[in-house]
């Protein structure tokens, strides 16, 4: 087998065959009659490969920050030390006993990690308030509809809306069910068609990005 | 005058943040106790669990992690309370790497409830480890649970766990619950559990994600839905166990009101500027 | 149809990219680009398509930054994207005859996604405070960091062009950015800038499929209301 075949064509053949097998298994009744354990094994293989991708991410992270450390990148290297130390600590406590069950691991997760994650997440509440102040200016008819719909949906969601006027939850619910539902239905169908098109391009080897080419 | 209007139109975002903080903290410290009417999607979520025959096996997909804990966590807590109260058996699974740790947080939090109900780990409920692979893992779990998760979260082989003794695939479950903060989440369960196996599915989604799932709820593919923290509060009220979600409702109201006030204020200033006589 | 490429309508966001990079050149500030935070894996094929679209637009953006000699910062959230992004940037700069500028004018930064996207979000927020970009272009799949980054971009005074097919985040981009590509427009943008015949053809194919689906929706609605159980015919 030539090198171009191994690098370019063999991956496409593997993708095509496994993809077609999975599609057949999804759409026909009782696929095990025709395909035996193949479907289950392919799913397991995909899960295992995804697990290795996680390891790849950690290794890449380590390489990037070890490079910063070795080059003493100004303003960065001490944070790289901190990051590497914390990664090793988390991996270390995770390996004690059954993976990820030790009380120290849970302490690391429940206290620093949850607090930091929810902090970044909760910043969004402030950002949406300032973005809404800027964006919901009634410069056109569409802007008016946007602002009014936003107010009704917000007051539907918050108990104060029902307390102020019973119409807020009713109208807000109608906005969610009818215009919003219709728009998202169209969006979901369009996105699904886009995903089908991309998947077909991947299966027939015409999607260049999948093999790292652009 | 136009200088003042320009200043008001471009109010520093820190003023908005400050007002929001004050409003939210004030009602957290001095709750108002506004009533929280229960909506139909939450009622259907509750009924989907409560109407199951006693001892039914339910899959609970914990598809969120630390960042969404304040919003999805109360949903999970209320759901687990309801499952215990209605005497169901359940399997906690997660396609997110932080999911099992979240499950442990709530299993620890509900320890007293679990012990007093007589439920025992392994016999009535089990926690599976993180299932790698996203939608592929969801498909594999539906097809062959014991080969996908060979051990539970604590390392016990699934063949030794009584609650999973007669479980092979999705057909052995009566209900699937997906509490999600994104992907993998509801759509993966819809494609891999609902469509192939006709599994009833109920979902708990973040407030920002709930509008996306409305089409699925309206078409009946999702039987019931908790929409954001409000949905969690409603469920807590239905089951008679008000907790963190209910106590956050006044803060939710305050935050929404502040945002609306600033939207209205911004538009008033904008319209005044637009229609003010030239030269002022 | 064979051999013909359909005309794509113009996209305001795509047309604003040269303008935003021009502003960066005038103000001597860099351009920030991100191809999204969903990577290639995660078991969701549709989301990988958004990353591909993001990489296609990156190719276009990096050619412009090479041409106008503007520093380019590309932030990625997955390790597997680093070599692909570096390759795209290198090829673009080489095509503009500025291969030697890659190491000095371009920066590919990796802010990993771990349990959540918070590390990526906080990394980019910090980066914006340091580099103060004049242009922030975000094309791909995003989660909650979309609003955080957009808002920080606004604070820095950047022209912001964003595009995503992630349903939860489009609203935030529309609220916070100057130009937004909604949903499939990012795939069209990727096709237009790459001028790849396969991509352009598949966009046309998607539109044809949509027409078929609309016909089925309308036809099904009429038949269902006339008493024909169209839904059970559709069930496989």
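Just a few scattered comments:
- Of all the numbered requirements in (1) closer than 30 Å to residue B:97 by Cα; (2) at pLDDT 90 or above; (3) touching a helix residue (DSSP H, G or I) at 6+ places or on another chain (Cβ under 7 Å), residue A:85 misses one, and that requirement is (3).
- A residue that is in a loop (DSSP other than H, G, I, E, B) and over 26 Å from residue A:54 (Cα atoms) cannot be found anywhere in segment B:63-85.
- Any hit, segment B:113-122, residues being in a loop (DSSP other than H, G, I, E, B), in contact (Cβ under 8 Å) with a residue 12 or more places away in the chain and over 22 Å from the mean Cα position of the chain (by Cα): yes
- Test: residue in segment A:108-128 that is assigned to a loop (DSSP other than H, G, I, E, B) and facing another protein chain (nearest Cβ under 7 Å): no
- Out of C:222, C:170, sole residue that is within 9 Å of chain A (Cβ to nearest Cβ) and at negative phi: C:170
- Answer from C:115, C:125, C:64 - the residue that is out of contact with any strand residue (DSSP E or B) (no Cβ under 6 Å at 6 or more places or on another chain), away from chain A (no Cβ under 13 Å) and surrounded by fewer than 24 Cβ atoms within 10 Å (Cβ to Cβ): C:64
Matching residues to (1) in the same structural domain as residue C:56 (by TED's automatic domain parsing); (2) surrounded by 24 or more Cβ atoms within 10 Å (Cβ to Cβ):
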site	(1), (2)
C:137	yes, yes
C:157	yes, no
C:161	yes, yes
C:165	yes, yes
C:203	no, no
C:211	no, no
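- Subset tally (residues that are outside any helix (DSSP H, G or I) and at pLDDT below 95) for segment C:109-138: 9
- Being within 10 Å of chain A (Cβ to nearest Cβ) and either within 17 Å of residue C:10 (Cα to Cα) or buried (at least 23 other Cβ atoms within 10 Å of the Cβ) (or both) is true of residue C:176.
- Residue within segment B:12-25 that is at negative phi, in the same structural domain as residue B:128 (by TED's automatic domain parsing), over 18 Å from the mean Cα position of the chain (by Cα) and not in a helix (DSSP H, G or I) present: no
- Which numbered condition residue A:178 fails, given (1) away from chain C (no Cβ under 11 Å); (2) modelled with pLDDT of 90 or more; (3) farther than 30 Å from residue C:204 by Cα: (3)
- Summed over segment A:29-50, the residues that are more than 11 Å from chain B (Cβ to nearest Cβ) and either surrounded by fewer than 14 Cβ atoms within 10 Å (Cβ to Cβ) or modelled with pLDDT of 75 or more (or both) give a count of 5.
- Filter result for residue A:155 (more than 26 Å from residue C:165 (Cβ to Cβ) and either in contact with a helix residue (DSSP H, G or I) (Cβ under 8 Å, 6 or more places away or on another chain) or in a helix (DSSP H, G or I) (or both)): yes
- Considering segment C:71-89, the residues that are buried (at least 24 other Cβ atoms within 10 Å of the Cβ) and closer than 14 Å to residue C:137 by Cα include one that is modelled with the lowest pLDDT, namely C:76.
- Residues considered: C:38, C:57. Of these, the only one that is more than 9 Å from every other protein chain (Cβ to nearest Cβ) and touching a residue at least 60 places away in the same chain (Cβ under 8 Å) is C:57.
- Qualifying residue in segment B:42-50 (condition: more than 13 Å from every other protein chain (Cβ to nearest Cβ), modelled with pLDDT of 95 or more and in a strand (DSSP E or B)): no
- Of the residues making up segment C:79-101, those that are outside any helix (DSSP H, G or I) and farther than 27 Å from residue A:51 by Cα number 3.
- The lone criterion from (1) surrounded by fewer than 23 Cβ atoms within 10 Å (Cβ to Cβ); (2) out of contact with any strand residue (DSSP E or B) (no Cβ under 6 Å at 6 or more places or on another chain); (3) farther than 22 Å from residue B:242 by Cα; (4) within 14 Å of chain A (Cβ to nearest Cβ) left unmet by residue B:97 is number (2).
- Selection status of residue B:129, within 21 Å of residue A:100 (Cα to Cα), surrounded by fewer than 22 Cβ atoms within 10 Å (Cβ to Cβ) and away from chain C (no Cβ under 14 Å): yes
The values are calculated or read from the model by the stated rules, or taken from the named source; none is laboratory data. Bear in mind that the values here come from a model prediction, so they are computed numbers and not experimental data. Cβ atoms come from the backbone with ideal geometry, glycine included; neighbour counts cover every protein chain shown.
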